[in-house]
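Peer 1: Just dropping this structure here.
The values are calculated or read from the model by the stated rules, or taken from the named source; none is laboratory data. These figures come from a predicted structure and were not determined experimentally. Backbone-built Cβ (ideal geometry, glycine too); neighbour counts: all protein chains shown.
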Amino acid sequence: MKKFLSVLSLVALFGLGATTYSFAEDMPAEAEATMESVADTAEAVAEAVPAVEPAAEAAPVEAAPAEAAAAPTPVPNKGDNAWMIVATIMVTLMVIPGLALFYGGLVRQKNMLSVLMQTFVIFSLMAVLWTVYGYSVAFTGGSPFFGGLGKAFLAGVTPESIAATFSKGVYIPEYLFVAFQLTFAAITPALIIGAFAERMKFSAVLAFMAIWFTFAYLPMAHMVWYWDGPDAITDAASLETVVANAGWLWAKGALDFAGGTVVHINAGVAGLVAAFVLGKRIGYGKESMTPHSLTLTMVGASLLWVGWYGFNAGSNLEANGYAALALINTTIATAAATLSWMFVEWFGKSKPSMLGAASGAVAGLVAITPACGFVGPVGAIIIGFLVSPICYFFVTKVKYMLGYDDALDVFGVHAVGGIFGALATGVFVNPALGGAGVVDYVANGVAAYDFGAQMTAQIYAVVTAVVVSAVVSFIALKIVDVLIGLRVSEESEREGLDTTEHGERAYHA
């Protein structure tokens, strides 16, 4: 425990010192309408007063203070606020209890509590780290790869602070944006535990997650999602400034509506690396390691599906038509993926299984995540139908061909499904295929679709997520292995992590 606390202290120190960039964010108010109003007022005064009178010359001077005072701070819409509060709660529901029960039901009975404990505490740890430095590094200016520390410990964030959405002149409270993004930062590391379930020390899990969060999740979130907001774009010149200040992948035009690269590829690749570094579970391939409760797995999968509406539709940050698009796409893509996995399994194994249906649903949720606000309903159905056979092949064939023990198929479902979804987004965003297209904030319309440019940006995002997560995961695991040790003893693994790591049992009957 002392070693773990030492590692955690080092992580916090490195996290706080990882960047030295100063924070400089501006949210310019829209002044064009105000200037026109002032100009009309001045013209009316000039017409009403004879030119020889001094008042005619004084009119523009008197208008200047009015111009400065006529740009009030935007007031967030209460409907948007209410929706985002609900969405934030729904994403929390995805993690605890959704993901915890989904994973818990898939492991053997003797390890049920260990999975619940890991999920529960990872959520808590990430919430604290997000507040201390995570939000600032991910969502303030600095460089294309990291933000600054200007908002460490949420410095400067008040109930009156506002955060930009994707519509000009529309904002939500910054605290609400912080809380919503906190849930993303919490669920992403928690996804990884499925890959090394049943064999990793609890202290090592927490130390690894702290390092991975700092050097893999935060840079990816900044590169993909950070920009100055739509109000900063008024013409081509201002667009160039916004692009120069934005995250590296955002500037390249990569599309990721709710986390295909930041969350799923990132976590899935980390799971694969962890599975290789830790090695196989004792008895893997020789002993039965079937799920101890598919009932709980089905309950967890259902909670994931319901909570995912907050994940996807909430990522629009507003309660409008795009949120509705993300919601309907999430529903039908997941339904299509469930059916697709079931039929593939039915054909291949002669019987459809509850585990297969749940796996298909998660694969569909993963694949539609980057695309949900960009593609049309037909594109969503196609994405759902296609992702399940691909993930099924990796889960049932590739895993055994390569010989790694990804206990709960984190790589096969999240990384593979996320990669497919990210690339499919680049195809089906095309308005000619029913997609919503990409907003052109200069022309206030939909930008022209360029297949080559969009797919290049999507490939950049996929490759970046794979490389960043793989490198950080490997180094983090090696550091933790030296300082704490990664794996429990053979005796502890055979007895089960519930009793050896936590001194409890999930069931006493």
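Peer 1: When residues of segment 410-443 are filtered for being surrounded by 24 or more Cβ atoms within 10 Å (Cβ to Cβ) and of a type in the set (S, T, N, Q), how many remain?
Peer 2: 1
Peer 1: Something else now. Mind listing whichever residues of segment 327-358 are under 20 Å from the mean Cα position of the chain (by Cα) and not β-branched (Val, Ile, Thr)?
Peer 2: Matches in segment 327-358: Leu327, Asn329, Ala333.
So that you can scan it fast, the table gives a plain yes or no per residue for (1) under 30 Å from Ala236 (Cβ atoms); (2) of a type in the set (Val, Ile, Thr):
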residue	(1), (2)
Val439	yes, yes
Val446	yes, yes
Gln454	yes, no
Val468	no, yes
Ser492	no, no
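Peer 1: Determine whether Ala237 is among the aliphatic types (A, V, I, L, M), in contact with a Pro (Cβ under 7 Å, 6 or more places away or on another chain) and surrounded by fewer than 21 Cβ atoms within 10 Å (Cβ to Cβ).
Peer 2: no
Peer 1: Still on this structure: Given the options Val121, Val107, Val75, name the one that is of a type in the set (A, V, I, L, M) and modelled with pLDDT under 95. Walk me through it before giving the result.
Peer 2: Details: Val121 fails: modelled with pLDDT under 95; Val107 fails: modelled with pLDDT under 95.
None of the other options fit; the residue is Val75.
Peer 1: Moving on. So which of Gly437, Gly426, Gly445 is under 27 Å from Ser167 (Cβ atoms) and in contact with a strand residue (DSSP E or B) (Cβ under 6 Å, 6 or more places away or on another chain)?
Peer 2: The conditions single out Gly437.
Peer 1: I would also like to ask the following. Return a yes/no flag: does segment 194-208 have any residue that is part of a helix (DSSP H, G or I), closer than 30 Å to Ala415 by Cβ and free of Cβ contacts under 8 Å to residues at least 60 places away in the same chain.
Peer 2: no
Peer 1: Which of (1) β-branched (Val, Ile, Thr); (2) touching an Asp or Glu at 6+ places or on another chain (Cβ under 6 Å); (3) surrounded by fewer than 17 Cβ atoms within 10 Å (Cβ to Cβ) is the odd one out, the single condition Ile172 does not satisfy?
Peer 2: For Ile172, the exception is condition (3).
Peer 1: Report, by residue number, each residue of segment 117-130 that is surrounded by fewer than 20 Cβ atoms within 10 Å (Cβ to Cβ) and in contact with a Gly (Cβ under 8 Å, 6 or more places away or on another chain).
Peer 2: Across segment 117-130, there are no qualifying residues.
Peer 1: While we're looking at this one, here's another question. Name the pairs whose Cβ atoms lie under 7 Å apart, with the first residue in segment 366-392 and without any contact (Cβ under 8 Å) to a residue 40 or more places away in the chain, the second part of a helix (DSSP H, G or I), and 6 or more positions between them or separate chains?
Peer 2: From segment 366-392, the pairs are Ile390/Val416; Ile390/Phe420.
Peer 1: Residue check: is Gly229 touching a Lys or Arg at 6+ places or on another chain (Cβ under 9 Å) and either buried (at least 24 other Cβ atoms within 10 Å of the Cβ) or at pLDDT 95 or above (or both)?
Peer 2: The answer is yes for Gly229.
Peer 1: I'd like the full set of residues that are among the hydroxyl-bearing types (Ser, Thr, Tyr) and more than 27 Å from Thr290 (Cβ to Cβ), limited to segment 81-128.
Peer 2: Those that are among the hydroxyl-bearing types (Ser, Thr, Tyr) and more than 27 Å from Thr290 (Cβ to Cβ): Thr88, Thr92, Ser124.
Peer 1: Which one is surrounded by the fewest Cβ atoms within 10 Å (Cβ to Cβ), of the residues in segment 131-159 that are hydrophobic (A, V, I, L, M, F, W, C) and under 21 Å from Leu249 (Cβ atoms)?
Peer 2: Phe145
Peer 1: Taking segment 334-366, which residues are hydroxyl-bearing (Ser, Thr, Tyr) and crowded, with 18+ Cβ neighbours inside 10 Å?
Peer 2: Hits for segment 334-366 are Thr334, Thr338, Ser340, Ser359.
Peer 1: Still on this model: Among the candidates Gly104, Gly156, Gly98, which residue alone is assigned to a loop (DSSP other than H, G, I, E, B) and among the small types (Gly, Ala, Ser)?
Peer 2: Gly156
Peer 1: Which of the residues belonging to segment 277-333 are among the small types (Gly, Ala, Ser), closer than 16 Å to Ala87 by Cα and crowded, with 21+ Cβ neighbours inside 10 Å?
Peer 2: Gly307, Gly310, Ala313, Gly314, Ser315, Ala323, Ala326
Peer 1: Scan segment 483-499 and give yes if some residue there is surrounded by 19 or more Cβ atoms within 10 Å (Cβ to Cβ), at positive phi and over 28 Å from the mean Cα position of the chain (by Cα), otherwise no. Spell out how you get there, then give the answer.
Peer 2: So in segment 483-499, the residues surrounded by 19 or more Cβ atoms within 10 Å (Cβ to Cβ) come out as 484, 486, 488, 493, 496-498.
Filter once more, keeping what is at positive phi: 496.
Those still in the list that are over 28 Å from the mean Cα position of the chain (by Cα) too: 496.
Yes: one or more hits.
Peer 1: Test Lys201 against the stated conditions and say whether it is basic (Lys, Arg), surrounded by fewer than 21 Cβ atoms within 10 Å (Cβ to Cβ) and more than 25 Å from the chain's Cα centre (by Cα).
Peer 2: No; evaluated as a whole, the condition is false for this residue.
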